[in-house]
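Data block below; observations after.
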Amino acid sequence: MATFLKAQVASLSASIFDFLTTLVCTQYLHFWYVLGSASGTIVGGIINFSMGRHWVFGASNKRVKFQILKYALVWSGNFMLTTSGVFLVTHYLNINYIISKIIVTSTVGVIYNYLMQKKFVFA
């Protein structure tokens, strides 16, 4: 249970940077919301990997190159699910992209990311 809670704290921390990046890109740099969301997902992924490796799963003693490769595979799935999910929810349900991002990233984070990181990336 402690690992799950730590993973959620790491996910929340990464999500804060993800959302800040998304908002800066869309509101101040005037990126299309899908590109802004993708940029945020990249920043969040980097932060989440670092926290997962060092703090959540205590896997910093394992080979980083192999972990990065596995994380990149898992993160690619996350990127596709999040980016397409934000587009679909925003475009077809006419929900604000910020609300869409919250719904999609929360769902993907709990269902997909935690399990894949625990069982595959940092196992």
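Every number here is computed from the coordinates shown, using simple stated rules; none is lab data. Here the structure is a predicted model, which means the values were calculated and not measured. All Cβ positions, glycine included, derive from the backbone under ideal geometry; neighbour counts span all protein chains shown.
Couple of notes before you dig in:
- Relative to the longest principal axis of the Cα atoms of the chain, helix 64-93 runs at roughly 20 degrees.
- Look at 90, 3 and count the other Cβ atoms within 10 Å of each Cβ; fewest to most, that gives 3, 90.
- Formal net charge of residues neighbouring residue 14 (Cβ-Cβ distance under 15 Å; K, R +1; D, E -1): +2
- Remark: spin-label model distance residue 27-residue 110 equals 2.6 nm, labels positioned 7 Å along the Cα→Cβ axis.
- Ranking of 66, 87 by neighbouring Cβ atoms within 10 Å, starting from the fewest: 66, 87.
- Applied to the stretch 19-24, the Karplus parametrisation 6.51 cos²θ - 1.76 cosθ + 1.60 on θ = phi - 60° returns per-residue 3J(HN,Hα) values of 5, 4, 5, 4, 5, 4 Hz, with x for Gly and Pro.
- Residues considered: 108, 64, 86. Largest GNM mean-square fluctuation over the chain, using C-alpha springs under 10 Å, is found at 64.
- Ellipsoid fit via the Cα gyration tensor, the chain: semi-axes of 26, 14, 12 Å, each the root of five times an eigenvalue, largest first.
- Rounded tilt (10° steps) of 97-108 against the dominant C-alpha axis of the chain: 30
- Separation between Cα centres of the stretch 32-60 and the stretch 75-101, rounded to whole Å: 17
- Dipole magnitude (debye, nearest 20) for the chain, charges at Cβ of Lys, Arg, Asp, Glu: 560
- Folded to 0 to 90 degrees: helix 33-51 orientation relative to the chain principal axis, Cα: 20
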